[in-house]
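One structure is given below, encoded as C-alpha cells.
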Amino acid sequence: MMLVVALLHTLPLAAPLPGPAEELRALEAPSLLSRHPLFTSTPKQDALILSAVYGYDDCINVPYDTTMFPGVLNQSGFVPNAPNLLRPGIDDINALLTRGCNVHAVIDGEVQYELTTLDTFDAAGWAAGAVGYVTNAGPPPQLFLLLLNCPASPAWTDGAPMTFKYPVAGAPALLNPLDIKVTLNDGTVVNPACVMAAPAADNNEYQTYLMIGQFGDGQVGTQWPSMIEILGDIILQPPLPLAQPVSAKGSTFYFPEMSSYPNGLQMQQVNLQNVVNDTNDGNSCIGTHPDAGITHRIQVVYSGGPSKSDLLEPEIYETEFFEILLDDGSKMDSTTGYMGLADLGDGDNFFDLCLVLTGSLYDKIKEVRAPCELGRTDLYPPKGTYGEPCTPTTLTVDRNFDSCSTAMPNPPAGCSVSAV
C-alpha cells in the first residue's frame, strides 16, 4: 500500500466547486440516511456524509507492555482471516477490560469465547500456551500506518469512521484534522488528532476516513459526539457522467442519540462494478476466487468495520451475510453466479460480493439485503458484542459506480466510460 500524504484543499481547480446543495440538485436523489431507522428523529442529514460511528473509545493506540507482547498474529497463526489481531499479556488484558476493549480466548487455534472479567482469565492455560487471548484493539502495530501518519495521536484514544457518499479525490492517506469539527453533546467542540484513510485504503476505496481523537466517555454514557461539520474543501469525486468534483465544505452529520453504546452498524451503499483489469491485490474477487471466472462485484459499504461475535469477518463462502435479490424477488446463489465474498480480513468497512454475470443477469440484479439475524448473520462494531448488532437493511444496487465507468481515485487501466 503506498503512503501518499496530501492535503485536499491544495487540489487545483479551474472554477469554484459546487457545494452540497448544488450537488444534491444535480443528482436528484434522496440520501440513504432517509431510510436509516436510527436517524428518523434527528435533524436533516447532509447526503455527502453517509455515516459516522462512535464506537471504539479508548481502544486505539494502546500502549502495550512490550515485555508481555510476543508479536503480531497473521493468517498462519492463532486466528485465520484476522491478520492484525494481537496477543496481549495479563497486564494488558486487565487494562483492555477496564476500558471495555474486546478480549477473546483462543483454544486450539479457534476463538472460543469473549473474556468479560479478569476473574475468568485462565492463567495456567495461558502460561502453558494452551490458551491464547487476542484483541483487535489498536496499538501501533495494529493500525500499521498510525505511527507513520499520526505521530501525535494520544494513547488510549477513540476511533470514529466517517463515510462520504463518494471517494475523496486524489486518494489521500490523510485529511487535515482542522477541516473537520466535532461537536459533543455537552457543547464541547474538538478537532480530531488525525484523520486517516487506513484501513479503508484499497485502490477502489478512500471513501471512509478514520477520525482518531477524544470524542466522549464511551460506556460511561455522559459524553458523546453529536455533530460533524466539514470546515475545509474536502474534495469528493462523483462517478461519471457526473464527474465534476464536489466540495464537502459545509456538510454536516448528526449522530443518533446515544440510547446505547455503541450503536449498531448499517449497510450504506451497494455498488455494482465490473472487475475487468481489477488492480487490487489477492484479496480481490479475482484473487480470492481465481478459477470462478468472476466478471463483476457488488461493493458493499458499511458504516464501520463489522465483524462476527468472535472478532472475525465473514468467510469467503458465507454469502448468507449479504443476500442479492433479483427483480423477480428471487435470491442469487452459486448456481446463478453469486460465487462468494472477498476483500476480507483487513478490518475495514468494505466487502466485495463476487459474481459471474451472463446473459441478462446484470440488468436483473436489484437489491442487496443484510439480514443481520441474531445468532446467524449478526455483525458487530470493533468492540465486539458489547455493542448492538447490525441493523437489517435492504438497499437498491447502484450502477453509477461501475469500475469501468467511474472516475475512481485510482481507476483500473484500460477501462472505458461505457457501462458494461
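Just so it is clear, none of the values below were taken in a lab; they were calculated from the coordinates. Just so we're clear, the structure is a prediction, and the values are computed from it rather than from any experiment. In this analysis, Cβ positions are derived from the backbone assuming ideal geometry, glycine residues included, and neighbour counts consider all displayed protein chains.
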Of the listed links Lys331/Lys366; Lys165/Lys331; Lys165/Lys308; Lys165/Lys364, those spanning more than 19 angstrom between alpha carbons are Lys165/Lys331; Lys165/Lys308; Lys165/Lys364
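I want the local charge near Ala155. Using Cβ-Cβ distances under 12 Å, sum +1 for each Lys or Arg and -1 for each Asp or Glu among the other residues.
Neighbour charge sum, excluding Ala155 itself: -1.
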Between Thr98 and Lys366, Cβ-based FRET efficiency (R0 41 Å, step 0.05) works out to 0.30
Where a ≥ b ≥ c are root eigenvalues of the Cα gyration tensor, a/c under 1.5 meaning rounded, otherwise prolate if a/b exceeds b/c and oblate otherwise, segment 169-324 counts as oblate
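Could you give the length gained by full extension between Asp186 and Asp327, i.e. 0.36 nm per residue of separation minus their alpha carbon distance, to one decimal place? Write down the numbers at each step before the final one.
Values: separation 141, 0.36 × 141 = 50.76 nm, distance 4.70 nm.
Going from the current span to full extension adds 46.1 nm.
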Note on segment 278-377: alpha-carbon gyration tensor, axes a ≥ b ≥ c; rule is a/c under 1.5 for rounded, else prolate if a/b larger than b/c, else oblate; result oblate
